[in-house]
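Each value in this text was obtained by applying a stated rule to the coordinates, not by laboratory testing. These numbers were taken from a predicted model, which means no experiment stands behind them. For neighbour counting, all protein chains shown are included, and Cβ atoms are generated from backbone atoms with ideal geometry for every residue, glycine included.
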Amino acid sequence: MLYLIPLFAMACASPEEPAVTLATTQPEESTMLSTIDVEEFKSRWDQGELLIIDVRTPSEFQSGHVPRARSIPLNQLTDELPSLIQHKEKEIYLICAVGGRSGKAQQILQKEGFTKTINIDGGTNGWRSKGYPLEK
């Protein structure tokens, strides 16, 4: 299942100024973030090579990760952008424990012009709970 989540600008109001609400009836495609569930990701994983980036900490990664995933902790993602630049127009699957940190990674990459980032909702915990293989 593919979900598209729009990003909306948020405004902060001071006590002297009223809050401003920004809305759009139809978000631009460039602001859409793709999310898939663990089952859909497994189906794509079964079909062949994917670029999978696990943004959990090194110790989390070592405790078990999706086979073929590359470890780039979220706090190091910006520093690793030069190593990813050749994949700017390719699908990049982002995974963490459940989907929060990978969602943040997706936003970072999107801001840097990566157009095909895909967040895995349910993350490694969801993958594990389905009984799918893990590497250590």
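Report the local net charge at Val55: Lys and Arg +1, Asp and Glu -1, summed over other residues whose C-beta lies under 12 Å from its C-beta. Don't skip to the answer; put the middle values down first.
Numbers: positive: Arg56, Arg70, Arg101, Lys104; negative: Asp54, Glu60, Glu80.
My count for the surroundings of Val55 gives +1.
If packing is taken as the average count of other Cβ atoms within 10 Å, what order do 92-100, 50-58 fall into, highest mean first? Display every interim value, and only then the final one.
On the way: 92-100: 22.0, 50-58: 20.1.
Descending packing order for the listed peptides: 92-100, 50-58.
Taking the dipole about the Cα centre of segment 33-129, with the C-beta of Lys and Arg at +1 and of Asp and Glu at -1, give me whichever of Ser71, Gly122, Val98 is farthest to the positive side.
So the residue we want is Ser71.
Which net charge results when you count Lys and Arg as +1 and Asp and Glu as -1 among the other residues whose beta-carbon is under 12 Å from that of Thr78? Don't skip to the answer; put the middle values down first.
Working: positive: Lys104, Lys111; negative: Asp79, Glu80, Glu112.
Value of the local net charge: -1.
With a point put 7 Å past each Cα toward its Cβ, work out how far Ser83 is from Ser43 in nm, to one decimal.
Taking the two extended label points, one gets 3.2 nm.
Would you mind working out the magnitude of the charge dipole of segment 33-129 relative to its Cα centre, with +1 at each Lys and Arg C-beta and -1 at each Asp and Glu C-beta, to the nearest 20 Debye?
Values: 12 positive and 13 negative charges, 24 e Å.
So the magnitude is around 120 debye.
Quick one: 3J(HN,Hα) in Hz for segment 76-87, Karplus 6.51/-1.76/1.60 with θ = phi - 60°, rounded, Gly and Pro as x.
Karplus values, whole Hz, x for Gly and Pro: 10, 4, 4, 5, 8, 3, x, 6, 9, 4, 5, 9.
With a sphere of radius 13 Å drawn around the Cβ of Glu39, what net charge do the other residues whose Cβ falls strictly inside it have (Lys, Arg +1; Asp, Glu -1)? Numbers along the way, then the final one.
Details: positive: Lys42, Arg44, Lys130; negative: Asp37, Glu40, Asp46, Asp121.
Neighbour charge sum, excluding Glu39 itself: -1.
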